[in-house]
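Below is one structure; the comments refer to it alone.
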Amino acid sequence: MEMKTCHTQPGRPRPAFPHPLDPLSAAELRHAAGLIRTHFNWGEDLRVETIDLDEPPKDVVRAYTEGAPIQRIARFNIYRRGVMGVVSGKFDLGTGELLWQTFNEDARAMVAIEEVLLIEKTVKEDPRFQEALRRRGLLNELDLMCIDPWTVGDFGQLIEQGRRVLNCFVWMRTFPLDNYYAHPVEGLHALIDVSTLEVLKVEDHFEMDGDYIPVPRTPLNYDVELLTAFRQPSAPLDVVQPDGPGFRVECNKVTWENWDFRVGFNGREGLVLYTIGYTQDGRRRPIMYRASIAEMVVPYGTPERSHYRKNVFDSGEIGFGRMANSLTLGCDCLGVIHYFDAEIFGAPRTIENCICLHEEDAGLSWKHTDVRTQRVDVRRARRLVISSISTIGNYEYASYWYLHQDGRIEYEMKATGIINTAGCHPGQPGRFGTEVAPGIVGHIHQHVFCARLDMEVDGPNNTVVECDTRALPIGPDNPHGNAFLMEERPLRSELEAQRDYDFSKMRYWRIINPGAKNWIGRSTGFKLEATSPVQPFTHPDSPSGRRGRFIQHQLWVTPFAVDERFPAGEFVNQSEGGQGLPSWTQANRSVENTDIVVWHSFGVHHLPRPEDHPVQPCVVCGFRLMPSGFFDQNPVIDLPPTTNAKSCCA
Ligand SMILES: [Cu+2]
């Protein structure tokens, strides 16, 4: 594979005046880090969890005119090596003034990759760990052991108290390039304090019950160096845009067809889209102020050995942004690509080609043949794709926003990478998983994401209306038994707006602007279609369930509040639960005809298949926002008729 890249940002000057929603630049991040170092004076013990743009108030953003001076504020979360708690604060980057700070004494910072990489060596040196390997006859393969720490949650155990703890799972290679996830060392764990790098406990289930599950040794690989047979390559399929792409990019602002929006990014959520609007007949109409995937959790269903702990928040505990990939032209991204780089705090670094922007053919837009005149009208569709991919340990999450010409906004999360593997006796995977290869079990689990959709359909004041379809009982109103109708009900308060998907009612939700009417006098709106609802199975009051309560409903609605950003709370790592959506919504605030945020939980219900191993073809989930009475008629009726001259008969 030819490694060709097209950086569009290094060397390209930053704008003289950043837009208020532009992510912090590398220079701003360095400046913020300097202010933190000087102010706190913790020397080598300083650890940075987050430095991020403190987004200005919406009225400041809306009133901004290009070139006007603006205040740039960095928000930060930092901690001190070996000390519990997280200090949060804000620095004015213009004046250098510390505007605010607070100490969250029970909070545990997110886990940084730099910390994770130190763990393997420490665990391998531990005599208890070595003894567990000796017992298994594996000690002479110590160098080949691969130790992945996982976040631990909160099970109320003494060993978790007052510490930042990770629980290690063990796999091994059988040769240097080998896929170690095909060789789980089952039942062996090390609990480690990530701040002090102290191994707190080695948990050996072999010793506990004497049931030794041997390491499956068959090499199962995906690396191109190790695969020996490839199918015939497909016929070339090139995406060529001889006149360049149809989008325009000015710094972080993108204009395409009738759409415009701004691209944002932060270490936790990764890709963020701001101020999405659609212009028609010279009139720009706002739709969404901010869109991101604000949290996710993977609850696993097995109570066996240490697997009950597996309930990981890959965004809130690790960070999609921090783990985002540099994308490769012609591999990750096909066509005429614009890349945005992203700047990451901590040990500051640039993720080059982090966000991909390109156009795709999207098949048929609309068609009709008049059977009497035999006149045919047909238009083709295309869509704009904004994407990024993050690697979290064994797994990849590839995130795609799609804007369509007809006003549709779609989101897809593609899950790929390597499933979490555990060992089993061949033919005996147990009740909580499937054997994906002899002696390798994939446990049942779910991936539940929470989209934070800060809506502004035709303006800031919106209401969510639940739309249910109901069949009438047979009787005078329904003598033929065919009658069914749509019933709409506004969701007026936060508790009323905790809603579940209901297939029996073909339920969807309309986000309307009660003050904006279309030409038939109906409130303009967008409907949220829950195309990937996930029924939760983790008990909401269990140690894992209470930390991820957002999965208990597919819809939540809150009034906009600037600090309500993360559905499971700001500090998720080892959280006791209840933070975020379940806590805010207790106030039962009004969400009617006001500035609202819509939270949608969706995902993948995943009993691994043999086809998901040794590397998983993308499994896709997502949702759709469809204009619903937003336009007066088909908004793409004005698409010009075109015939693609390069198309030919095979
Ligand atoms: Cu999965």
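Structural remarks
- Modelled this way, with points 7 Å down the Cα-to-C-beta line, the labels at residue 224 and residue 105 are 5.5 nm from one another.
- Each peptide in 125-132, 266-273, 65-72, 603-610 gets a packing score, the mean of other Cβ atoms within 10 Å over its residues, and the list from highest to lowest is 266-273, 603-610, 125-132, 65-72.
- Take the Cα of residue 334, step 7 Å toward its Cβ, do the same at residue 98, and the gap between the two points is 5.3 nm.
- Modelled spin-label separation between residue 361 and residue 231, with each label point placed 7 Å from Cα along the Cα-to-Cβ direction: 2.0 nm.
- When you restrict to C-alpha pairs under 8 Å that are six or more residues apart and normalise by the size of segment 300-408, the relative contact order lands at 21 percent.
- Estimated translational D of the chain in µm²/s (Stokes, Kirkwood radius over Cα pairs; 10 °C; 1.306 mPa s): 59 µm²/s
- Extended-chain gain in nm, criterion 0.36 nm per residue less alpha-carbon gap, residue 504 and residue 60: 155.4 nm
- For segment 266-278, putting each phi into the Karplus relation 6.51 cos²θ - 1.76 cosθ + 1.60 with θ = phi - 60° gives couplings of 8, x, 8, 7, x, 5, 10, 10, 10, 6, 7, x, 10 Hz, in residue order, rounded to whole numbers and with x for Gly and Pro.
- Between residue 240 and residue 482, the contour length at 0.36 nm per residue exceeds the alpha carbon distance by 82.1 nm.
- At the residue level, residue 444 shows approximately 60 square angstrom of accessible surface with a 1.4 angstrom probe and all protein chains present.
- Residue order by solvent-accessible surface for 259, 100, 42 is 100, 42, 259, largest first, with ligands and nucleic acids left out and a 1.4 Å probe.
- Rounded to the nearest 10 Å², the accessible area of residue 367 at probe 1.4 Å: 120 Å²
- Global geometry of segment 323-363, whether rounded, prolate or oblate, following the gyration tensor of its Cα atoms and the 1.5 cut on a/c: prolate
- Length-normalised contact order of segment 220-321 in % [C-alpha pairs under 8 Å, at least 6 apart]: 18 percent
- Rounded, prolate or oblate (a/c below 1.5 giving rounded, otherwise prolate when a/b exceeds b/c) for segment 156-226 by Cα gyration tensor: oblate
- Three-way shape call for segment 48-90 based on the alpha-carbon gyration tensor, with the a/c threshold at 1.5: prolate
- Mean separation of Cα contacts under 8 Å, 6 or more apart, over the residue count of segment 416-510: relative contact order %: 21 percent
- Surface accessible to a 1.4 Å probe, residue 78 within the full protein complex, Å²: 0 Å²
- The listed residues 188, 495, once ranked by accessible area (1.4 Å probe) with the largest placed first, stand as 495, 188.
- Selection from 229, 404, 110 lying farthest towards where the dipole of the chain points positive, charges on Cβ: 404
The values are calculated or read from the model by the stated rules, or taken from the named source; none is laboratory data. Given the structure is predicted, the values throughout are model-derived calculations rather than measurements. Every residue, glycine as well, gets a Cβ built from its backbone with ideal geometry; the counts of neighbours run over all protein chains shown. These accessible areas exclude ligands, DNA and RNA; they are computed on the full protein's heavy atoms, side chains included. Shrake-Rupley method; radii C 1.70, N 1.55, O 1.52, S 1.80 Å.
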